[in-house]
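Presented below is the structure to which this report refers.
The values are calculated or read from the model by the stated rules, or taken from the named source; none is laboratory data. Computed from a predicted model, the values in this text were never measured in an experiment. Methodologically, a virtual Cβ is constructed for each residue, glycine included, from the backbone with ideal geometry; neighbour enumeration extends over all protein chains shown. Heads up: the accessible areas ignore ligands, DNA and RNA and are worked out on the full protein's heavy atoms, side chains in. Shrake-Rupley method; radii C 1.70, N 1.55, O 1.52, S 1.80 Å.
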Amino acid sequence: MLLSLSSLFLSLIVYHYCYDDKTPLLQCSARKEYESDCLDNRLNYETLTTHSYRAMSYGTWSSPISSALIVENTITPSEIRLDENGNAYWLELRPSENGRYVICSNKQPLQKDILEQPFNARTRVHEYGGGSYLVTNDVIYFSNFADQRLYQINTKENNVSVPITEESENASLRYADYTMDSFRKRLVCVHEVHQGEHDVQNSIVGVSLNDSSIVTLASGYDFYSSPRVSPDGRYLIWICWNHPNMPWDQTELWIGEFSNEDNSSLINKKKLFGQTDESILQPEWSPDGKFIYFVSDKNNWWNIYRTSVDGQNVEHVYDDQAEFGGPSWLFAGTYYGFDSNSNLVSVYWKNGIAKLCRIDVQTKKSTPLTATEEYTDIRSVRVNKQTVYFVGSSAVKPAEVVEYNFETNTKNVLFRSTNITIDPRYLSVPEMITFKTGNDIAYGIYYPPKNDDYSLPSGSTELPPLLVRTHGGPTAATTSAFNLRIQYWTSRGFALLDVNYRGSTGYGRKFRDSLKDHWGIYDVQDAIAGAEYLVQQNKADRNRLTIDGGSAGGYTTLCALTMYDFFSAGASHYGVSDLELLAKDTHKFESRYLDRLVGDYPAQRDIYIERSPMTHVKKVSKPIIFFQGSEDKIVLPSQAEIMVNALREKHLPVAYVLFDGEQHGFRKAENIRRSLDGQFYFFSRIFHFQMADRVEPIKIENLSDD
């Protein structure tokens, strides 16, 4: 979180709240760290305590948002679950515990942390995971990251994790997206079996809670998700799809009936819905079991529909030019839930802002839950009678696990992602922008520099350096959710533009599909167009335009730096440099993703080569820093190393930071710190400004004064 910075005991005081939010305490450690940095950089400490601001150039501002503060005081909540009595459970991603996912609850008398060390509730199905645990009848079932076995915890007896499934070599047997089949005393879930490097089979299975035996219920498709048993135990519904589709391209909704003969297998399986270019997600049974609800984008927007068990009489539950769903990168995404047979509560996105509403499925009318509009990003919606649970945040409000009763209009925060309260004078409040790009438009979130302890020197006409951030995916979106990694930059004097380029989600299927066959073109053009728009608005310095991104965003970054002479420097976080290598050597879930984004491989191999940053590395003339995980199975380290070697040969400033043991995305606290500080340090050296805060230097090759 952002710390206060006016003076030592006025603006430098940081209030550290205990869990019940009753007792403010001075966080002396943060103050001492800041004092030390001030002295180490020969700043006059007394001056900072007696003046409201200092006249200093952009980029040289000292910020209380240290990388240590970000990783040590910020925990990411996700994946809310409810038990039969309405008690809430959620996951917490903790960088300070090596990126461990911990199952937590507000249920009494349970302790908040249910999952003890060293267990980590994270599944590797599809590599990205999600849907890693289930709670029912005082028992928690979860996938453990280290061995990918399925475990159970009986919370009434103890918090001991007991394995259910057998151990497998190299964690080759994986499980995700659980639902309880209480009629047959088993878990129904997605099962992924790795029989070799490129031999991966997916199916839906039932795992017996009596003898751990496994029965295959549905197989034959490349991918499965969202198995859901009907309330009467008679039917099972699920989502499935085949290559080359991704779940946001084309999926199918199926139903099967449990056999009366063996009471375990499925019969009468049939497809209910799923036409060409229709993405279906989150199928759910109505509480009485009469209807099947699902989200479909067949009218351009992910809207909610329902049908009877036989698939007849499809109803559009609520028609709106808004997104009531999102891309299924992870299992168990929940966007709506029922408070009764006739009403549901759902989140929806419009113009980049998330809101909650209550929909009467009979009248097709929607009522906004206005008391929750302080949150502009809402995830993991769960509903129990008149109470809705969700993870909510905004640009100035860190993520919270929220319990909201829409009958009494009362709100209770079950968990806050950080225990530090921030003075808003140091929070950059973003502006949603729309800008022209070619003959189309794209979107972005612009964050101006913000630190009220500083101003520019008298008479200065300096404009701020700009960091353009390109999100991963690329079928994803950036949101206005509170993000200390953004405030890290803006509080030091950088402006930041978070781009929702063509192909991003949240703006309808037509906008999402516009990137097809044009990845590496439209996304790059939009990043450049957004930066140019801000330059024209006198909000950015044309000579200090930088770009960064992770994964797919890293690819966009490398394309921009190798194929265009626009940005002055960049940072690639596990970014793609060789499309052909990615197409030939990545995990099953994304192994055909590029067919739609780039073209059929190998038939259109020439496009892959032409659109790879590696092909154009001889054109690059700007410094780049690379951050990479040594165990990344999605973007292999070799991709970064090829680029690094090419820049070395050109004698361009380059830095390469390899994190041992990290995968696709950094979860360990020390590595998150190193990537944040290292990138800022790199830019400070490239643009020749003096950092105010002390960080560990990064080795930069081919830098004349290094």
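Here are the numbers:
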| quantity | calculated |
| --- | --- |
| Size of charge dipole - the range 422-687 - debye, nearest 20, with Cβ of Lys, Arg +1 and Asp, Glu -1, no other charges | 140 debye |
| GluC sites (Glu not before Pro) restricted to the range 567-675 and DSSP loop, no more than 15 other C-beta within 10 Å | Glu631 |
| Inter-site label distance for Asp199 and Asp232 at 7 Å from Cα along Cβ, in nm | 4.3 nm |
| Where GluC sites (Glu not before Pro) fall in DSSP loop in the range 148-219, at most 13 other Cβ within 10 Å | Glu157, Glu166, Glu167, Glu197 |
| Probe 1.4 Å, protein heavy atoms only - accessible area per residue of the range 454-513 in square angstrom | 24 Å² |
| Trypsin sites (Lys or Arg not before Pro) restricted to DSSP loop in the range 238-300 with at most 13 other C-beta within 10 Å | Lys290 |
| Accessible surface, the range 335-421, averaged per residue in Å² (probe 1.4 Å) | 39 Å² |
| Summed side-chain charge close to Ile153 - residues other than Ile153 whose Cβ falls under 14 Å, Lys, Arg +1, Asp, Glu -1 | -1 |
| Furthest towards positive pole of dipole, Leu110, Thr307, Val695, structure part the chain, Cβ charges | Val695 |
| Dipole magnitude (debye, nearest 20) for the chain, charges at Cβ of Lys, Arg, Asp, Glu | 1060 debye |
| Relative contact order of the range 422-687, pairs being alpha-carbon contacts under 8 Å that are 6 or more residues apart, as % | 15 percent |
| Cα-derived Rg over Rh, computed across the range 469-585 with Rh taken as Kirkwood radius | 0.96 |
| Within straight-line cross-link reach of Lys112, lysines at Cα separation under 21 Å, skipping those fewer than 8 residues along the same chain | Lys22, Lys156, Lys411 |
| The chain, helix-only ellipticity at 222 nm - DSSP H runs n ≥ 4, -39,500 (n - 2.57), divided by all residues, nearest 500 | -4500 deg cm²/dmol |
| Charge dipole of the chain about the Cα centre (unit charges at C-beta), most positive-ward option of Val388, Gln639, Leu82 | Val388 |
| Estimated translational D of the range 335-421 in µm²/s (Stokes, Kirkwood radius over Cα pairs; 37 °C; 0.692 mPa s) | 250 µm²/s |
| Distance cut-off 14 Å, percentage of C-alpha pairs in the range 550-633 lying past it | 63 percent |
| Residue-count net charge about Leu266 - beta-carbon cut-off 14 Å; Lys, Arg +1, Asp, Glu -1 | +3 |
| Neighbour net charge for Glu166 - beta-carbon separation under 12 angstrom, K R +1, D E -1 | -3 |
| When the convex hull of its Cα atoms is projected in every direction, mean area for the chain (nm²) | 30.4 nm² |
| Per residue Cα convex hull volume in Å³ - calculated over the range 102-230 | 114 Å³ |
| Carbon/sulfur fraction of accessible area - the chain, other protein chains in place, 1.4 Å, % | 46 percent |
| The chain: angle of helix 522-536 to the longest principal axis, Cα-based, in degrees nearest 10 | 40 degrees |
| Principal axes of the range 422-687: Cα extent on each, largest first, Å | 60, 40, 34 |
| Nearest 10 degrees, 0 to 90: helix 28-40 Cα axis against the chain principal axis | 30 degrees |
| Relative contact order [Cα under 8 Å, 6+ residues apart], the chain, whole percent | 11 percent |
